[in-house]
1. Name the residue that is farthest from Phe214 (Cα to Cα), counting only residues in region 32-55 that are in contact (Cβ under 8 Å) with a residue 24 or more places away in the chain and charged (D, E, K, R).
2. Given the conditions (1) modelled with pLDDT of 95 or more; (2) touching a Lys or Arg at 6+ places or on another chain (Cβ under 8 Å); (3) away from ligand 2 (no atom under 13 Å from the Cβ), which single one is not true for Pro6?
3. Quick one: count up the residues across region 180-193 that are touching a helix residue (DSSP H, G or I) at 6+ places or on another chain (Cβ under 6 Å), within 16 Å of ligand 2 (Cβ to nearest atom) and either in a helix (DSSP H, G or I) or not hydroxyl-bearing (Ser, Thr, Tyr) (or both).
4. Identify all residues within region 195-224 that are assigned to a loop (DSSP other than H, G, I, E, B) and either surrounded by fewer than 16 Cβ atoms within 10 Å (Cβ to Cβ) or out of contact with any Phe, Trp or Tyr (no Cβ under 7 Å at 6 or more places or on another chain) (or both); write none if there are none.
5. Return the residues of region 101-111 that are loosely packed, with under 15 Cβ neighbours inside 10 Å and either of a type in the set (Asp, Glu) or more than 20 Å from Ala174 (Cα to Cα) (or both); say none if nothing qualifies.
6. Checking the structure you have, find out if any residue of region 95-104 is among the hydroxyl-bearing types (Ser, Thr, Tyr), within 11 Å of ligand 1 (Cβ to nearest atom) and modelled with pLDDT of 95 or more.
7. Can you name every residue in region 180-194 that is crowded, with 19+ Cβ neighbours inside 10 Å and more than 19 Å from Ala149 (Cβ to Cβ)?
8. How many residues does region 19-41 contain that are within 15 Å of ligand 2 (Cβ to nearest atom) and farther than 17 Å from Met83 by Cβ?
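The values are calculated or read from the model by the stated rules, or taken from the named source; none is laboratory data. Just so you know, these numbers come straight off a predicted model, no measurement behind them. Quick reminder, even Gly has a Cβ in these numbers, built from the backbone with ideal geometry, and neighbours come from all protein chains shown.
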Amino acid sequence: MSAAAPKAGEPAPAVRHVAIIMDGNGRWAKKRHLPRVVGHQRGVEAVRAIVRAAARLGLEALTLYAFSTENWRRPEEEVSALMGLMKRFILSNLEEFASNNIRLRIIGDYRAMAADVVALIDGALARTAGNTGPIVAVALNYGSQDEIARAAAKVATSGRAITPETIASELDTADMPPLDLLIRTSGEVRLSNFLLWQAAYAELWFTEVLWPDFTPVHLEEALAEFAGRERRYGGR
Ligand code: IPE
Ligand code: IPE
Ligand code: MG
């Protein structure tokens with residue numbers, strides 16, 4: 001993972017890859033005495049503007065945490081509402097992504113999800129596979145520990161030595177630029193099993209803003225702060 005790291009002490013280069021833990025939909029709804037699912041609906045609506053902004057700001061990759069391996073623990077009703085929203089998100093955004101040269105990716109073990117979701121995703125991935133622009137990776141049934149274990153198992157099965165490089169080459173993010181900036185909304189200050197490996201030297205940015213209220217202005221604020229940080233990668 002250190003391969004693409006610039007030298008210590010050099011000014012931060014342009015940000016290439018931003019990831020976001022889109023948290024706080026439930027609290028957004030609760031504050032308004034609305035059902036949680038309304039918070040999730042508004043959360044999905046917030047995504048479109050952020051994807052547009054990411055492309056406009058020249059990011060090479062944007063990774064969005066949408067559903068974790070632990071989110072299955074939520075009530076069945078909430079899980080199925082989230083699955084419905086996921087499908088609607090893909091259906092209503094696919095043409096825009098496709099015509100704006102966006103490459104849609106999924107990270108996480110999405111093939112373990114319901115057959116209709118898998119089929120929809122496979123169609124969407126194929127639809128943008130020939131594009132050459134920014135990658136928008138959606139983390140679905142994603143857990144970093146699961147991802148690292150899957151990668152290690154692939155390396156072991158192939159008979160290669162287990163090293164940081166071989167594991168990194170089998171992660172779901174293998175062909176994406178190194179993670180520069182990891183954002184979490186809603187005031188929680190933890191990673192919740194997201195990109196643990198990739199975040200080794202990422203800059204972290206936390207905001208109290210709840211995800212449905214997160215706008216491109218907040219993304220630009222995070223990027224402006226990132227630009228002023230000095231990344232050292234353990235050097236001096
Ligand atoms: C994030 O919002 C969306 C998902 C985890 C799917 P939450 O539903 O976690 O909202 P809070 O944390 O309860 O406010
Ligand atoms: C992380 O949020 C997962 C997503 C945003 C998809 P959670 O709300 O599930 O995380 P915890 O439970 O607060 O750590
Ligand atoms: Mg949450």
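1. The qualifying residue farthest from Phe214 (Cα to Cα) is Arg36.
2. It is condition (1) that Pro6 fails.
3. Within region 180-193, residues that are touching a helix residue (DSSP H, G or I) at 6+ places or on another chain (Cβ under 6 Å), within 16 Å of ligand 2 (Cβ to nearest atom) and either in a helix (DSSP H, G or I) or not hydroxyl-bearing (Ser, Thr, Tyr) (or both) number 3.
4. Leu195, Leu196, Trp197, Ala202, Thr207, Glu208, Val209, Phe214, Thr215
5. Scanning region 101-111 gives a single hit, Asn101.
6. no
7. Correct list: Asp180, Leu181, Leu182, Ile183, Arg184, Thr185, Ser186.
8. Number of matching residues: 9.
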